[in-house]
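Have a look at the structure below before the remarks.
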Amino acid sequence: MKVIKNPAKVEDQDLAKAYETTLKFLEEKGYRVKKVKMAISPFAPTYQKAMIVKISPTPQDIVELVNLEQTLQKKLGKKVGISLV
């Protein structure tokens, strides 16, 4: 698995587009991105490319966090999986 810790050095077009979409979406919803980790894995069962995004402020309601993540996943499509923490 290749882990990309610096989004500025993303060479993969799918991850780069997902990163831009995520920043725009979360900004519209009033959240700030604190940290992003990206990875490419040839062994992943569902998504070969993934992003883990730490946001601030953290939603107090787990349902709100899940809804944000599901809405964002629909925007990104099936090329990149996303997790919000």
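The values are calculated or read from the model by the stated rules, or taken from the named source; none is laboratory data. What you see is a predicted model, and the numbers here were worked out from it, not measured in a lab. All Cβ positions, glycine included, derive from the backbone under ideal geometry; neighbour counts span all protein chains shown. Heads up: the accessible areas ignore ligands, DNA and RNA and are worked out on the full protein's heavy atoms, side chains in. Shrake-Rupley method; radii C 1.70, N 1.55, O 1.52, S 1.80 Å.
Relative contact order for the chain using alpha-carbon pairs under 8 Å, separation at least 6, rounded to a whole percent?
Value for the chain: 31 percent.
Helix 62-76: angle to the longest alpha-carbon principal axis of the chain, degrees 0 to 90, nearest 10?
Approximately 40 degrees, to the nearest 10.
Which percent of the accessible area of the chain is formed by carbon and sulfur heavy atoms (probe 1.4 angstrom)?
Summing carbon and sulfur atoms, their accessible area is 52 percent of the total for the chain.
Can you give the extra length, in nm with one decimal, that the chain gains between Asp61 and Gln48 once fully stretched, where that is 0.36 nm per residue apart less the Cα-Cα distance?
1.8 nm
Given the options Val53, Val63, Val36, which has the most mean-square fluctuation in a GNM of the chain, springs set between C-alpha atoms less than 10 angstrom apart?
Top of the fluctuation ranking is Val63.
Which one is right for this structure if Rg/Rh (Cα atoms, Kirkwood Rh) is calculated from it: (1) 1.02; (2) 0.94; (3) 1.13?
For Rg/Rh (Cα atoms, Kirkwood Rh), the calculated option is (2).
Relative to the longest principal axis of the C-alpha atoms of the chain, give the angle of the C-alpha long axis of helix 13-28, reported between 0 and 90° and rounded to the nearest 10°.
The helix 13-28 is inclined about 10 degrees to the chain.
So which of Lys5/Lys29; Lys17/Lys37; Lys5/Lys34; Lys24/Lys54 end up more than 19 Å apart by C-alpha?
Lys5/Lys29
How do the peptides 69-76, 13-20, 43-50 rank, highest first, by the average count of neighbouring beta carbon atoms within 10 Å per residue?
My ranking of the peptides, most packed first, is 13-20, 69-76, 43-50.
Counting every Cα pair in the stretch 27-69, what percent are over 15 Å apart?
Details: 479 of 903 pairs.
That tail contains 53 percent of the Cα-Cα pairs.
Taking only protein heavy atoms and a 1.4 Å probe, what accessible area per residue, in Å², does the chain have with all protein chains in place?
Computed with neighbouring chains in place, this is 70 Å² per residue.
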